[in-house]
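To start, the structure itself, in structure tokens.
The values are calculated or read from the model by the stated rules, or taken from the named source; none is laboratory data. The shown structure was predicted, so the numbers you read here are calculated from the model rather than taken from an experiment. So basically every Cβ, Gly included, is an ideal-geometry build from the backbone, and we count neighbours across all protein chains shown. These area figures cover heavy atoms from the full protein model, side chains too; ligands, DNA and RNA do not enter into them. Shrake-Rupley method; radii C 1.70, N 1.55, O 1.52, S 1.80 Å.
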Amino acid sequence: MKRIISFLMAALCLFAFVACSTSTPEATAEQRPEIYDLKILSVNGEDITYEYYRYYYLFVKDSYEESGTEITEEKIKQDVLDKLRYDAAIHKLLDKYSQSLTAEEIKECEDYVAMYVSAYGDVFETQLESEMNMTLDVFTKMTLNEMAYNKLYTYLSDEKLIDTSDSAVKEYMSSFRAAMHLILTVDDEKNDAEKKELIEKLYKMAEFDLAFDPILKLHELRQSLKNTQKSIDDINKQIADGKSTDELAATLESLVAQISAISAKITEEQSKIDVAKCLEGYIEKLDIYKTSVKADIDALANSQHAELVGKLESASTSDLAGEIAKSVVEASKSKLSAALLKLAEDKSTYGWFKADFVAAIKSFNTSHSIDDLNKILDFYKTDSELKTNKTVVALLDCFTALQKLMTPDLAPHDYLSAIEALNGSNDIKVDIYEKAALYASLRNAKDTASELKGYTGTDIHTKLEDAFTVLSAPITTFEELVINYSDDYEAESGSVVFYLKPESLLTELQEVCKDLKVGEMTKVVKSSIGYHILKLVEPDLEYFKKNEYLYYVLEDMLNAESEKVEYTPAEAYEGINKAKMSEYETELKAQKNAIAAGSSSSNTDSDNDNTVLWTIIIIGITVAVVAVLVVLIVLASKPEAQAKNKNSNQNKTKKKK
């Protein structure tokens, strides 16, 4: 019984502790500022409240202000209305094709939003409001719009409801211009000066590159002419061997026609070449790159390449070949041999290596001699099993390049190709050696260009093409300038060419692009965003069809549908302007503060009420438990008293006896 009483006492203490430490019940759902529910207008039958309208209004206003564009109140209102009607058009088109979002898709979207809320808590909502002027409800709605757009795009694509024939795409593409865009954005006055200096330098480089475009095309055409002629020679050989067929004859006729067309294009491109401009540009570009490469080399003067750097001033490309090959060989030997040895020691995967082959690997790993290297490659040539494993093949291909580099008296063009085979393999980087070779080449480049002035007529075209082929490094294409310098280039897009309608360009660019022809570029153009150079290029039908066509067609469909979307302004809409929006924002802030203050007061009162309630409950339960304990104690004491009396009587009896 005492154990039972002790247990009850302990339970009472534990209950009291837990009860006192238990958190108060959850507060009621968070209140919303009333102004959020103010109806601004109705679009496609759906009420647009201030909560949703303010997001688009502030987005449009801020966009114009950041770009420095002066804009009227009516223009902001019209842009916001256009966006609201565009959103409605997405859902209207889905309804038209019986593809409205399902309950499951809506639930998926809500779960997606809930995931962010769960992961980041109040911080997520706070960031939405501070960074994007967006509430959680607006974020959910925008996410649903995005899901609806993607579903519409996928449906139209999968069901082939849009004509994607080459003729349809070509006709549609005719209203677009294909261009490469080099833009340097400006943030402040200091940044402006830096960007202006850079864009002028890039324009100068791009201008010279433009002069080389015909030479580049000429180079490609001559390669094409060479390949086509080879195909003709192959067919003529087959015919001479008695393998003549109607199909071969038709192919031969087609190839001969191609030869004629290519020859005509070569003549056309030759007429476009401005020899003086090419020479001027070539010399200028050599100076630019010579300075750039020299700076890279100088930066390495105190590094492990100091000995190599010291020889640059007097060395030529040919002189450097041996030095560079030697340096690359030393850097490659240990890494390549260690990599191959690691394979040989992996018995579980490469246990099939022959013993003699493994012995040759181990020997080279120690000696690094050309003889042991040759033994390894001899096995590679004769053991067909080695050639079935991609890892082994890739590694031994590097050994082949290494063997080439270790050959005495290697010609410059041979060592460059061997270095290319090694560069990037097994963490071997030889950029410094390539730059060293380039620098040595540039030292005498002006003399090379000067020699070209001695040629006249069509010979100059061939000589310029040869110069381009031999010293191609100084020629940077406009595409490379965009990739390396443009602030809006996105590597993941896979292309520097974008397609646009002239009217969609910035106002400052529309005028300069109006009469621009394919292959031409604009001067440097200053806009509210920064500095621009545009170069028009030949449109690519296949690229446009694959990457741009459906997107633009869908945009046209949505814009046309949005024009049909009906809307009804509410009383609040008529007075919308900056001043009114400022009033609304002030009221919103006041309501948020009131809710926050009320919530804090409510929580305090609730805590006090709960404390009193729990105190009363605990006292009541304590009194009840104590009463039970008293009863139990009384009941427990009776048997003990009876036992004592019984023992006392027994003792008295014993004494009498």
Tell me which residues, restricted to the range 372-384, are surrounded by 12 or more Cβ atoms within 10 Å (Cβ to Cβ) and over 15 Å from PHE399 (Cα atoms).
-> ASP383
Among the candidates SER363, SER337, SER332, residue that is of a type in the set (Ser, Thr, Tyr), crowded, with 17+ Cβ neighbours inside 10 Å and modelled with pLDDT of 90 or more | SER363
Residues of the range 500-542 being hydrophobic (A, V, I, L, M, F, W, C) and part of a strand (DSSP E or B), which ones?
-> LEU500, MET521, VAL525, ILE533, LEU534, LEU536, VAL537
Search the range 63-81 for residues being in contact (Cβ under 8 Å) with a residue 12 or more places away in the chain and not in a loop (DSSP other than H, G, I, E, B), and hand back the single one that is surrounded by the fewest Cβ atoms within 10 Å (Cβ to Cβ).
-> SER67
Scope the range 342-370; condition under 13 Å from LEU395 (Cα atoms) and under 38 Å from the mean Cα position of the chain (by Cα); matching residues | LYS342, LEU343
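Wholly within the range 102-210, which helices (runs of 4 or more DSSP H) include no fewer than the required count, namely at least 3 residues that are without any contact (Cβ under 8 Å) to a residue 12 or more places away in the chain and open to solvent by 70 Å² or more (accessible area, probe 1.4 Å)? Full working, then the answer.
On the way: elements: 103-120, 122-132, 136-158, 166-173.
In the range 102-210, 103-120, 122-132, 136-158 are the helices (runs of 4 or more DSSP H) which contain 3 or more residues that are without any contact (Cβ under 8 Å) to a residue 12 or more places away in the chain and open to solvent by 70 Å² or more (accessible area, probe 1.4 Å).
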All positions within the range 216-228 that are surrounded by 15 or more Cβ atoms within 10 Å (Cβ to Cβ) and at pLDDT 85 or above = SER224, LEU225, THR228
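Please determine whether any residue of the range 37-59 is open to solvent by 30 Å² or more (accessible area, probe 1.4 Å), part of a helix (DSSP H, G or I), hydroxyl-bearing (Ser, Thr, Tyr) and on the phi < 0 side of the Ramachandran plot.
Going through the range 37-59, the residues open to solvent by 30 Å² or more (accessible area, probe 1.4 Å) turn out to be 37-39, 44-47, 49, 59.
With the extra rule that they be part of a helix (DSSP H, G or I), the set shrinks to 37, 59.
Add one more test, that the residue is hydroxyl-bearing (Ser, Thr, Tyr), and what stays is none.
No: the range 37-59 contains no residue that is open to solvent by 30 Å² or more (accessible area, probe 1.4 Å), part of a helix (DSSP H, G or I), hydroxyl-bearing (Ser, Thr, Tyr) and on the phi < 0 side of the Ramachandran plot.
Residues of the range 561-577 being assigned to a helix (DSSP H, G or I) and either under 16 Å from ILE76 (Cα atoms) or more than 38 Å from the chain's Cα centre (by Cα) (or both), which ones? Steps first, answer last, please.
Kept after step one, since they are assigned to a helix (DSSP H, G or I), are these residues of the range 561-577: 561-564, 571-574.
GLU571, ALA572, TYR573, GLU574, listed by residue number.
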Looking across the range 486-499 at residues that are modelled with pLDDT of 85 or more and not in a loop (DSSP other than H, G, I, E, B), the single one that is least open to solvent (accessible area, probe 1.4 Å) is TYR499
Identify the single condition in (1) without any contact (Cβ under 8 Å) to a residue 60 or more places away in the chain; (2) in contact with a Phe, Trp or Tyr (Cβ under 7 Å, 6 or more places away or on another chain) that LEU84 does not satisfy, given that it satisfies every other one.
-> (1)
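Taking ALA193, is it over 25 Å from GLN510 (Cα atoms) and at pLDDT 85 or above? Steps first, answer last, please.
Details: over 25 Å from GLN510 (Cα atoms): no; at pLDDT 85 or above: yes.
In short, no.
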Go through the residues of the range 545-552 one by one and say whether even a single one is at pLDDT below 90, outside any loop (DSSP other than H, G, I, E, B), in contact with a strand residue (DSSP E or B) (Cβ under 8 Å, 6 or more places away or on another chain) and surrounded by fewer than 17 Cβ atoms within 10 Å (Cβ to Cβ).
-> no
